[in-house]
1. Find how many whole Å separate the alpha carbon centroid of region 56-84 from the alpha carbon centroid of region 1-20.
2. Calculate, axis by axis, the spread of Cα positions in the chain along the three principal axes, and write the results as whole Å, longest axis first.
3. Mind listing the Cα extents of region 3-152 along all three principal axes, in Å, largest one first?
4. In region 161-218, which trypsin sites (Lys or Arg not before Pro) fall in coil by DSSP and have 10 or fewer other Cβ atoms within 10 Å?
5. Out of the GluC sites (Glu not before Pro) in region 22-66, which ones are loop residues according to DSSP with at most 15 other C-beta atoms within 10 Å?
6. Picking from Gln130, Gly245, Phe227, whose Cα lies most toward the positive end of the charge dipole for the chain (charges on Cβ: Lys, Arg +1; Asp, Glu -1)?
7. Semi-axes, largest first, in whole Å: what does sqrt of 5 times each Cα gyration tensor eigenvalue give for region 78-186?
8. Which value, in Å², gives the accessible area per residue of region 1-116 when a 1.4 Å probe is used on the protein heavy atoms?
Amino acid sequence: MIHFVGAGPGAPDLITLRGARLIEEAGMIIYAGSLVNPELLKRAKEGCEIRDSASMTLDEVIEKLREAHEAGVDAVRLHTGDPSIYGAIREQMDRLKELGIPYDITPGVSSFCAAAAAAEAEYTLPSVSQTVIITRMEGRTPVPEKEKIRLLASHRASMVLFLSTGLLDGLCAELIMGGYPPETKTVMVYKASWPEQRVIRATLATLPLLAADSGIKNTALILVGDFLGDEYELSKLYDKHFSHGFRRASE
Ligand code: SAH
């Protein structure tokens, strides 16, 4: 059996109990070496074959997984954060399906959740935004025309930008042209949950310079939106005047 496992954002104790168990039981682990914390591999049993996929192609990864399957070995394909976000797992699953190799998926804590924790922020603030847009700036990898940053920014929802740290001048310009005022708050979170974690607070106008000064070039997320500001309404969920399925209004 092949197990796709979300490794979590970095801290080795932010993997799920199931993910940790699958690593402990695996006879082969192929991990995304550019981002997965190698500390997690210490859980592997003796004799486990461990490969870093950073230098491998899709064909090579599939070939290793096929070998494991044919030898009756359980293999873990370890992806950073949650594998459903920029994990490139769909192409692997489709190839395994074609080969008739069974697999399952164990989710992980995505870095966008760890970044919110680092920034002590809530993406879905009542009266501010009830929507989170997870996206990336177009770089060498294109994004569909309808998803240009400028168009997405017009919603003024809470936004999380993956894979965009090297493109901040263009990113901030697009966000402003799309409708966010230049003074909109933004946070850059570097290596959320790792010991090296850094949280840089800025506005759309000041982020490119502050980020350049910081020297941070990758493994960071940019959070943008009024959810980082000070104004919001209290939730209905805990409002003493509001009844719901689990609680009657007390006043
Ligand atoms: N599947 C992963 C994302 C993989 S794409 C997840 O769910 O988090 C890789 C990008 O994710 C990086 O370029 C960076 O933008 C972001 N990223 C991954 N781990 C991060 C972390 N600990 N802190 C900040 N950003 C991170």
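The values are calculated or read from the model by the stated rules, or taken from the named source; none is laboratory data. Bear in mind the structure is a predicted one, so any value in this text is a computation, not a measurement. Please note: Cβ atoms are built from the backbone with ideal geometry, for glycine as well, and neighbour counts cover all protein chains shown. To get the accessible areas, we keep the full protein, side chains included, count just its heavy atoms, and leave off ligands, DNA and RNA. Shrake-Rupley method; radii C 1.70, N 1.55, O 1.52, S 1.80 Å.
1. Comparing the Cα centres of region 1-20 and region 56-84, I get a distance of 15 Å.
2. Extents along the principal axes: 60, 50, 36 Å.
3. Principal-axis extents of region 3-152 (Cα, largest first): 55, 34, 24 Å.
4. When the trypsin sites (Lys or Arg not before Pro) of region 161-218 are filtered for loop state and at most 10 Cβ neighbours within 10 Å, nothing remains.
5. Answer by residue number: Glu46.
6. Gly245
7. 30, 18, 12
8. 48
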